[in-house]
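Colleague: Submitted below is the structure of interest, expressed as structure tokens.
The values are calculated or read from the model by the stated rules, or taken from the named source; none is laboratory data. Worth saying up front: this structure is predicted, and the values here are computed from it rather than measured. So basically every Cβ, Gly included, is an ideal-geometry build from the backbone, and we count neighbours across all protein chains shown.
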């Protein structure tokens, strides 16, 4: 079962997650975060865009879907790439990926 499921062309709900390392929320103060999504059987990102940091000290982030992000039904893997103010990077989740299922909608619009 996918972590998130939605219909093609929908832009709601946004995806929100708490980024952790070793079970502890990552402090995102001064960092930037990108949301990256690729087809399960592919390597080219469908999405590689800035996420919103909702609560920096608690590690909470959100990605607001943009037009076209969910246009192609299928299964996808996703991760969050954190870039800290000193340039170091960390990816969450660290041991796996989020799974996203985009289902065809009935009117394809």
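Colleague: Could you check the range 77-109 and list, in sequence order, the residues that are farther than 18 Å from residue 61 by Cα and at pLDDT below 95?
Modeller: 95, 105, 106, 107, 108, 109
Colleague: Restricting attention to the range 36-45, report how many residues are closer than 13 Å to residue 63 by Cβ and exposed (fewer than 13 other Cβ atoms within 10 Å of the Cβ).
Modeller: Selection size over the range 36-45: 0.
Colleague: Here's a check for you: in the range 1-27, which residue that is free of Cβ contacts under 8 Å to residues at least 40 places away in the same chain and not in a loop (DSSP other than H, G, I, E, B) is farthest from the chain's Cα centre (by Cα)?
Modeller: 24
Colleague: Quick one: count up the residues across the range 7-35 that are surrounded by fewer than 19 Cβ atoms within 10 Å (Cβ to Cβ) and within 21 Å of residue 67 (Cα to Cα).
Modeller: 8
Colleague: If a residue counts only when it is free of Cβ contacts under 8 Å to residues at least 40 places away in the same chain and farther than 16 Å from residue 8 by Cβ, which strands (runs of 3 or more DSSP E) contained entirely in the range 34-88 have at least 2 such residues?
Modeller: Qualifying strands (runs of 3 or more DSSP E): 47-50, 52-55.
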